[in-house]
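**Q** The structure under discussion is supplied below as structure tokens; questions concerning it will follow.
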């Protein structure tokens, strides 16, 4: 394994671990808690981009699936993934990919990061709410009330924080040559 591959594996692992730590910051709600996971997803995608951001979230989901207590409330296991909140966890990989892709196709700046992180939030909420509806046997109105509406304002706040912190950290990591600016590599 060459040094670059090892660096990417370490970076993805670090962000999977950060997501597990942020998952423990939560406000309990009846069906789906508000947690720091989505902030970590946005940070991951803003810093690492589409592919590596998605890989980090896949790693996070796999860690939890095998029982490591990285999901909200120090939970883990496949039962979480097939439960009412599992769709949100599945949505993290798609959200990270889409968030990173938007930034890679436009520009890594605060405005575009906010657009990208908001799109990522919508993707997570969409995938999560679909699974919540079917697993919890809810109507669409009930699923939206439990799985979307409580998260819009806090989601926008987390999208802003992920954008602001993510762009700042990304610039520092590029300056330190710890990550590559793929936009520069393409030019």
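The values are calculated or read from the model by the stated rules, or taken from the named source; none is laboratory data. From a predicted model like this one, the values you see are computed outputs, not experimental measurements. Methodologically, a virtual Cβ is constructed for each residue, glycine included, from the backbone with ideal geometry; neighbour enumeration extends over all protein chains shown.
**Q** Which one of 99, 141 is under 29 Å from residue 86 (Cα atoms), assigned to a helix (DSSP H, G or I), at pLDDT 95 or above and out of contact with any helix residue (DSSP H, G or I) (no Cβ under 9 Å at 6 or more places or on another chain)? Full working, then the answer.
**A** Numbers: 99 fails: out of contact with any helix residue (DSSP H, G or I) (no Cβ under 9 Å at 6 or more places or on another chain).
The conditions single out 141.
**Q** A follow-up question, please. Given the structure, is residue 88 part of a helix (DSSP H, G or I) and farther than 15 Å from residue 155 by Cβ?
**A** Considered against the rule, which asks whether it is part of a helix (DSSP H, G or I) and farther than 15 Å from residue 155 by Cβ, residue 88 comes out as no.
**Q** Exactly one of these conditions fails for residue 150: (1) assigned to a helix (DSSP H, G or I); (2) modelled with pLDDT of 95 or more; (3) farther than 18 Å from residue 169 by Cα. Give me its number.
**A** Failing condition for residue 150: (2).
**Q** Is there a residue being surrounded by 14 or more Cβ atoms within 10 Å (Cβ to Cβ) and under 18 Å from residue 41 (Cα atoms) anywhere in segment 140-148?
**A** Yes, some residue in segment 140-148 is surrounded by 14 or more Cβ atoms within 10 Å (Cβ to Cβ) and under 18 Å from residue 41 (Cα atoms).
**Q** Here are 78, 116: which of them is at pLDDT 95 or above and either touching a strand residue (DSSP E or B) at 6+ places or on another chain (Cβ under 6 Å) or buried (at least 21 other Cβ atoms within 10 Å of the Cβ) (or both)?
**A** 116
**Q** How about segment 15-40: which of its residues are at pLDDT 95 or above and surrounded by fewer than 15 Cβ atoms within 10 Å (Cβ to Cβ)?
**A** Listed by number, the list holds a single entry, 21.
**Q** Identify, please: which residue in segment 100-113 is in contact (Cβ under 8 Å) with a residue 24 or more places away in the chain and over 9 Å from residue 49 (Cβ atoms) and is, among those, surrounded by the most Cβ atoms within 10 Å (Cβ to Cβ)?
**A** For segment 100-113, the residue satisfying everything is 113.
**Q** Which is surrounded by fewer than 16 Cβ atoms within 10 Å (Cβ to Cβ), touching a strand residue (DSSP E or B) at 6+ places or on another chain (Cβ under 9 Å) and closer than 23 Å to residue 18 by Cβ, of 66, 154?
**A** Going through 66, 154 in turn, just one is surrounded by fewer than 16 Cβ atoms within 10 Å (Cβ to Cβ), touching a strand residue (DSSP E or B) at 6+ places or on another chain (Cβ under 9 Å) and closer than 23 Å to residue 18 by Cβ: 154.
**Q** Out of all the residues in segment 65-96, which are under 14 Å from residue 13 (Cβ atoms) and more than 14 Å from the chain's Cα centre (by Cα)? Step through it out loud before you land on a result.
**A** First pass over segment 65-96, keeping only residues under 14 Å from residue 13 (Cβ atoms): 68, 70.
Within segment 65-96, 68 is the sole residue that qualifies.
**Q** Next up: I'd like to verify a number: residues in segment 119-139 that are over 16 Å from the mean Cα position of the chain (by Cα) and surrounded by 15 or more Cβ atoms within 10 Å (Cβ to Cβ), how many?
**A** First pass over segment 119-139, keeping only residues over 16 Å from the mean Cα position of the chain (by Cα): 130-139.
Subsequent filtering for residues that are surrounded by 15 or more Cβ atoms within 10 Å (Cβ to Cβ) retains 130-133, 135-136, 138.
Residues meeting the conditions: 7.
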